[in-house]
Amino acid sequence: MEHHRTRPRQQGPRRGAPRAPLPPQARRRPGTAERRPGTGRSRTAPVAASGPGSGPRLTSLGCALFCGAAMVLLGFLDDLLLGPSLTVYGVLFLPVSALTALWVRPSDLLTAPVVAPIAFAVGLLTVADGSGFLDSVMGLVTALSTQAGWLYGGTLVTGLIVLVRRARLLRRRRRP
């Protein structure tokens, strides 16, 4: 019985094969010493830049997890400390949405305005009224309709920050 290959052949030299000589520009100069790992100076980690561009860089999934977890946690804290205060929950949504827009990495910028309203709704489950399933759904719909201003405001904040960051990124790419 014939066995067919399941993986394509790897291109390049085999393990035991002699190496091809390096081109002249890659060869070591006669006066330079060869560096070996573990000898000489110790390597230090690069220092993180401080400024407006520094901070965590979240992927789309990380952005969704951060925003969702923050809103659920803030919803629980709001319910625990103040009772179910929807206004406090809405006010707390604004900085979370701003941080989400600031911390998302440049290649995933367009996901932040999508994630923020979803996280608002998920966190709102902890603050909305209702004891059973249908009561909770009705409380969620009621809370979403009465707190739509905070939802739109946070989404607008996220969208504006993302637009400014995207415009700056494109302007920086176009400059030589």
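The values are calculated or read from the model by the stated rules, or taken from the named source; none is laboratory data. Here the structure is a predicted model, which means the values were calculated and not measured. Heads up, the Cβs are rebuilt from the backbone with ideal geometry, glycines too, and the neighbour counts pull from every protein chain shown. These area figures cover heavy atoms from the full protein model, side chains too; ligands, DNA and RNA do not enter into them. Shrake-Rupley method; radii C 1.70, N 1.55, O 1.52, S 1.80 Å.
How many percent of the accessible area of segment 120-176 is carbon or sulfur, using a 1.4 Å probe? The C+S portion of the solvent-accessible surface of segment 120-176 is 66 percent. The listed peptides 148-154, 65-71, ordered by packing as a protection proxy, come out as 65-71, 148-154 (highest mean of other Cβ atoms within 10 Å first).
Across Val91, Val162, the residue with the most accessible area heads the list, and the full order at a 1.4 Å probe is Val91, Val162. The Rg/Rh ratio for segment 64-103, using Cα coordinates for both the radius of gyration and the Kirkwood hydrodynamic radius, is 0.99. These residues, Leu81, Leu74, Leu170, go from largest to smallest accessible area, 1.4 Å probe, as Leu81, Leu170, Leu74. For segment 99-140, the Kirkwood hydrodynamic radius from C-alpha pairs, put into Stokes-Einstein at 37 °C and a viscosity of 0.692 mPa s, yields a diffusion coefficient of 279 µm² per second. Over segment 80-173, Cα pairs under 8 Å with separation of 6+ residues give a relative contact order of 42 percent.
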